[in-house]
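Just so you know, all these numbers are worked out from the coordinates, no wet-lab data involved. Predicted model only: the values in this text are computed from it and were never measured.
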Amino acid sequence: RASRLAIWLSSALRRAATALAGTFGDPVQLADIRRHTFATPAALADAGELRLRELGCGFRAPYLAGAAQAVASGELRLDDLRGAPYADVMSQLTAIHGVGTDYAWTVVESSPTHAVLEFVSHEFNSD
């Protein structure tokens with residue numbers, strides 16, 4: 001059961017990321033494959049929670065919208081987190097509605113620069 005749930009969740013997140021990229025990202029041609037960049041924080045913030053829900057983000061929509069707004073407005077400067085003390089990074093990330101300590105820790109261990117939006121983002125997104 002757990003593996004089916006993980007597969008479904010991965011698939012749902014991939015569909016949402018693909019929808020976000022296709023809707024808000026810039027097209028990129030890689031040989032004969034057309035892809036889209038991932039949406040900017042400003043584009044996601046402008047889209048708002050309702051539009052993000054429509055694109056498949058579900059219960060994550062308000063968290064994504066809030067995180068995107070924090071980054072787009074400069075309230076959260078992801079580049080400033082690089083090299084900052086662990087406690088400061090955790091404090092800034094968990095101040096965002098929907099980002100708990102477990103997720104913030106995962107982000108700190110992976111890539112603080114791309115952290116907040118990472119839960120719906122993939123390296124590439126196809127149409």
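May I ask you to work out the translational diffusion coefficient for the range 1-105 at 37 °C, viscosity 0.692 mPa s, via Stokes-Einstein with Rh from the Kirkwood sum over Cα pairs, reported in whole µm²/s?
Working: Rh = 15.2 Å.
Reported coefficient: 216 µm²/s.
Between VAL99 and any residue 5 or more places off or on another chain, the built amide H atoms are never under 5 Å apart.
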